[in-house]
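The values are calculated or read from the model by the stated rules, or taken from the named source; none is laboratory data. All values reported here derive from a predicted model rather than from experimental measurement. Cβ placement follows ideal geometry from the backbone for every residue including glycine, while neighbour counts extend to all protein chains displayed.
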Amino acid sequence: MTRPGRMNKEPPFEPGLIPAPGELLVWRDGRHFDRWQDLPSRLCGQPTPMRSHSGEPVHKACAEDWITAKPVEARLGRFASDLTPKPKSKGQGDHS
């Protein structure tokens, strides 16, 4: 039996930039975390509540290690950071 509201799986959400090998992914969006179910990571096989932008179960650290180990394949966008949010008010962060 499934939980109410979990019947329709959410579509993937838009990824941002792919970090350079050795840099960290920015996964701040709550959709990276499945509070209902741990699934085996596709990279190490250990249980994880984390999900990539496409919904693939994977630890963030494993995804970062994969990007470092396979930099050419990483350019295809399997794992990426979140989109950078736009500033909410004018003047923040523009140093003027």
Selected residue (criterion: modelled with the lowest pLDDT) from residues of segment 22-64 that are among the polar types (S, T, N, Q) and closer than 20 Å to residue 76 by Cβ: 54
Top-ranked residue in segment 66-96 [being hydroxyl-bearing (Ser, Thr, Tyr) and closer than 14 Å to residue 27 by Cβ; ranked as modelled with the highest pLDDT]: 81
